[in-house]
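**Q** First the structure, then my questions, so here it is.
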Amino acid sequence: MAELETETIENFKGQIRGNLLTPEDAGYDDARTIWNAMIDRKPALIAECTGVADIMGAVNFARDNDLLAAVRGAGHNIAGKAIADDALMIDLSGLKSVRIDPDSRRAYVGPGATLGDFDHEAQAFGLATPTGINSTTGVAGLTLGGGFGWLSRKYGLTADNLIRADVITAAGNRVVASQNENEDLFWAIRGGGGNFGIVSLFEFQLHPVGPELLAGLVVYPIDQAEAALKEYISFSAQAPDDLTVWAVLRHAPPLPFLPEEVHGKIVLVFAFLYAGDVEAGKQLIDPLRQFGTPYGEHIGPMPYKSWQQAFDPLLTPGVRNYWKSHNFKSLNDSAVDIILEYVYKLPSPHCEIFIAQMGGQTSRLPSDATAYMERDAKFVMNVHARWETPEEDDLCISWARSFFDAAAPHASGGAYINFMTEEEAARVAAVYGPNLKRLSKIKKRYDPDNFFRVNQNIKPAA
């Protein structure tokens, strides 16, 4: 990193509308704090951008002064790619604008907006775009990595619903990416991460959703999990696109519908959303309640926006997190055996294994339709290690890594880029497969010097 003169910093401060923080400034430590408490990095400067002019100015300043640049949206990325030591952190978290056009069913979303911000505005008109499952997740990072959640089987990935994006390139220029303008860039940013520039505005397709949908939880004892998981796998194969069911194995939180003696026990939870008619959904999901003898259930119509926030208490910021993830074209009996072996070894009451059901609309596009290529994945499994103190680091991380290694022979070999941790750069080739060569060429066109490299990096073509 180049040493910056005080005059240079002051000049930059006068050129942007937002705050420019140094390590000596009040607010610096708060501004560098992100969701995963494992990440403790100290940028040289933090530019709190208030608009496109600030973003362009920050890119130009970092490039011209040989500063590493890191880009923060909502700061939710597990690998902590929002921040780097001795870098300029280009902080977009204040750019939370969400504008809905209900007539054209379009959403115009700023790069600092969270899923909660998006849902709040869109649901006022009974509209939504498929996003994730935690309302504090950032729209930007989610979309650029592909993005999936409760509505994806019906309406596709978040990236599949992107219509247009304004992108600030490494040269500090604004370009438009869409099917009609810079089509190569539009293809690349739908799954290629933050490798190609900073998106300053997203335009999404919206769909009629809710405002109330059928959703809920069915909680089984862990000693019934083997049979229940196998029933779930068969059930999932026949499920319509309107229905999405995820399986979660963890210590039972103190849910009010569970007997107190169940709290803290290891359980299997089926969480579901049905995006069709409520009464039809009640009949359709009935088998979920008969995979064994549940400890309890909570099922009924509820606001879509509320369901999107239902798991927030389990994913609050400020604790330590480490993830390992696999994609599966199918879950065989051996994979189920490994899942059950490791769930009995949960090293912290906050750790969990979740299995997200994919397929439906996510699998109907060809693998080269966008940069995201894992269209044949039927399940995505995230090994979510989560704990409170540094003293637990080795135990929890080794559990996740061991589980990941044991399950690998039964997985597809692919991965979901947004679930990858910092040390998984070697998996980037597996994520993109045959699409990587095309991505590298596009990277060379828009970022030949690899200015945007604090990410799961795609290097420019030679």
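The values are calculated or read from the model by the stated rules, or taken from the named source; none is laboratory data. In this text the structure is predicted, and so the values were computed from the model without any measurement. Cβ sites come from the backbone with ideal geometry, for glycine too, and all protein chains shown count toward neighbours.
**Q** For the range 63-80, give me each residue that is surrounded by fewer than 23 Cβ atoms within 10 Å (Cβ to Cβ), charged (D, E, K, R) and at negative phi.
**A** Residues satisfying the conditions are R63, D64.
**Q** Among the candidates G138, G75, which residue alone is in contact with a Pro (Cβ under 9 Å, 6 or more places away or on another chain) and not assigned by TED's automatic domain parsing to the domain that holds E203? Talk me through it step by step, then tell me what you get.
**A** Details: G138 fails: not assigned by TED's automatic domain parsing to the domain that holds E203.
When all the criteria are applied, what remains is G75.
**Q** Right, next: Go through the range 206-275 and tell me which strands (runs of 3 or more DSSP E), entirely inside it, have 3 or more residues that are modelled with pLDDT of 95 or more and more than 22 Å from L340 (Cα to Cα).
**A** Where strands (runs of 3 or more DSSP E) fall fully within the range 206-275 and carry at least 3 residues being modelled with pLDDT of 95 or more and more than 22 Å from L340 (Cα to Cα), they are 212-221.
**Q** Name the residues in the range 327-341 that are out of contact with any Lys or Arg (no Cβ under 8 Å at 6 or more places or on another chain) and assigned to a strand (DSSP E or B), would you?
**A** The one that is out of contact with any Lys or Arg (no Cβ under 8 Å at 6 or more places or on another chain) and assigned to a strand (DSSP E or B): N327.
**Q** On the given criteria, is T131 surrounded by 24 or more Cβ atoms within 10 Å (Cβ to Cβ), more than 16 Å from L206 (Cβ to Cβ) and either among the hydroxyl-bearing types (S, T, Y) or without any contact (Cβ under 8 Å) to a residue 24 or more places away in the chain (or both)? First the steps, then the outcome.
**A** Values: surrounded by 24 or more Cβ atoms within 10 Å (Cβ to Cβ): yes; more than 16 Å from L206 (Cβ to Cβ): no; either among the hydroxyl-bearing types (S, T, Y) or without any contact (Cβ under 8 Å) to a residue 24 or more places away in the chain (or both): yes.
The answer is no for T131.
**Q** One residue is enough: does the range 264-274 have a residue meeting the conditions touching an Asp or Glu at 6+ places or on another chain (Cβ under 7 Å) and of a type outside the set (S, T, Y)? Can you show your working first?
**A** Pass one, the range 264-274, residues touching an Asp or Glu at 6+ places or on another chain (Cβ under 7 Å): 274.
This time we only want the ones that are of a type outside the set (S, T, Y), so: none.
No, there is no match, as no residue in the range 264-274 is touching an Asp or Glu at 6+ places or on another chain (Cβ under 7 Å) and of a type outside the set (S, T, Y).
**Q** Please specify each residue of the range 360-389 satisfying the condition of being aromatic (F, W, Y) and under 15 Å from the mean Cα position of the chain (by Cα). Let's see the steps before the verdict.
**A** Step one: list which residues in the range 360-389 are aromatic (F, W, Y), which gives 372, 379, 387.
Selection gives Y372 alone.
So that you can scan it fast, the table gives a plain yes or no per residue for (1) in contact with a Leu (Cβ under 6 Å, 6 or more places away or on another chain); (2) in the same structural domain as L127 (by TED's automatic domain parsing); (3) closer than 30 Å to D64 by Cβ:
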| position | (1), (2), (3) |
| --- | --- |
| A159 | no, yes, no |
| L162 | no, yes, no |
| G172 | no, yes, yes |
| F186 | no, yes, yes |
| I198 | no, yes, yes |
| P221 | no, no, no |
| A225 | yes, no, no |
| S236 | no, no, no |
| T244 | yes, no, no |
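**Q** Give me the pairs: first residue in the range 430-457 and under 17 Å from A377 (Cβ atoms), second residue part of a helix (DSSP H, G or I), beta-carbon distance under 7 Å, and six or more apart or on different chains, which are they?
**A** Correct list of pairs: V431/I417; Y432/L439.
**Q** Something else about it: Kindly indicate whether any position in the range 171-178 is outside any loop (DSSP other than H, G, I, E, B) and within 23 Å of T362 (Cβ to Cβ). Give the steps one after another, and end with the answer.
**A** Our first condition is that a residue be outside any loop (DSSP other than H, G, I, E, B); within the range 171-178, this holds for 174-178.
Right, trim to within 23 Å of T362 (Cβ to Cβ) and you get 177-178.
Yes, some residue in the range 171-178 is outside any loop (DSSP other than H, G, I, E, B) and within 23 Å of T362 (Cβ to Cβ).
**Q** If I filter the range 22-47 down to residues being touching a Leu at 6+ places or on another chain (Cβ under 7 Å) and surrounded by 15 or more Cβ atoms within 10 Å (Cβ to Cβ), which single residue comes out as nearest to A84 (Cα to Cα)? Let's see the steps before the verdict.
**A** Start the filter on the range 22-47 by keeping residues that are touching a Leu at 6+ places or on another chain (Cβ under 7 Å), which leaves 22, 27-28, 31, 43-47.
Then drop every residue that is not surrounded by 15 or more Cβ atoms within 10 Å (Cβ to Cβ), which leaves 28, 31, 43-47.
Numbers: Y28: 14, A31: 13, P43: 6, A44: 9, L45: 10, I46: 11, A47: 13 Å.
Of everything passing the filter in the range 22-47, P43 is nearest to A84 (Cα to Cα).
**Q** Take the range 3-42 and flag every residue that is touching a Lys or Arg at 6+ places or on another chain (Cβ under 8 Å), within 19 Å of I55 (Cα to Cα) and of a type in the set (D, E, K, R). Don't jump to the end; show me each part of the working.
**A** Filtering the range 3-42 for residues touching a Lys or Arg at 6+ places or on another chain (Cβ under 8 Å) gives 20, 23, 32, 34, 36-38, 41-42.
Filter once more, keeping what is within 19 Å of I55 (Cα to Cα): 20, 32.
R32 - this is the single residue of the range 3-42 that is touching a Lys or Arg at 6+ places or on another chain (Cβ under 8 Å), within 19 Å of I55 (Cα to Cα) and of a type in the set (D, E, K, R).
**Q** Can you tell me which of K305, K324 is assigned to a strand (DSSP E or B), within 23 Å of the chain's Cα centre (by Cα), of a type in the set (D, E, K, R) and at pLDDT 95 or above?
**A** Values: K305 fails: assigned to a strand (DSSP E or B).
So the residue among K305, K324 that is assigned to a strand (DSSP E or B), within 23 Å of the chain's Cα centre (by Cα), of a type in the set (D, E, K, R) and at pLDDT 95 or above is K324.
**Q** Taking the range 258-305 only, how many residues are out of contact with any strand residue (DSSP E or B) (no Cβ under 6 Å at 6 or more places or on another chain), under 25 Å from I222 (Cα atoms) and of a type in the set (D, E)?
**A** Adding up the residues that qualify gives 3.
**Q** Also, I was wondering about something else. Counting only residues that are in contact (Cβ under 8 Å) with a residue 60 or more places away in the chain and small (G, A, S), which one in the range 238-263 is farthest from L284 (Cα to Cα)?
**A** Out of the qualifying residues, it is A247.
**Q** Still on this structure, I have one more. If we scan the range 210-225, do we find a residue that is under 24 Å from the mean Cα position of the chain (by Cα), within 30 Å of V176 (Cα to Cα) and either surrounded by 18 or more Cβ atoms within 10 Å (Cβ to Cβ) or of a type in the set (V, I, T) (or both)?
**A** No, the range 210-225 has no match at all.
**Q** What are the residue pairs meeting all of these: first residue in the range 291-308, first residue in the same structural domain as K265 (by TED's automatic domain parsing), second residue of a type in the set (S, T, N, Q) and part of a loop (DSSP other than H, G, I, E, B), Cβ atoms under 9 Å, and 6 or more apart or on different chains?
**A** Once the first residue is in the same structural domain as K265 (by TED's automatic domain parsing) and sits in the range 291-308, its partners that are of a type in the set (S, T, N, Q) and part of a loop (DSSP other than H, G, I, E, B) give K305/S135; Q308/T131; Q308/N134; Q308/S135.
**Q** Let me ask you something else. Name the one entry in I100, I163, I83, I90 that is touching a Cys at 6+ places or on another chain (Cβ under 9 Å) and modelled with pLDDT of 95 or more. Write out each step before concluding.
**A** Numbers: I100 fails: touching a Cys at 6+ places or on another chain (Cβ under 9 Å); I163 fails: touching a Cys at 6+ places or on another chain (Cβ under 9 Å); I83 fails: touching a Cys at 6+ places or on another chain (Cβ under 9 Å).
Residue meeting the stated conditions: I90.
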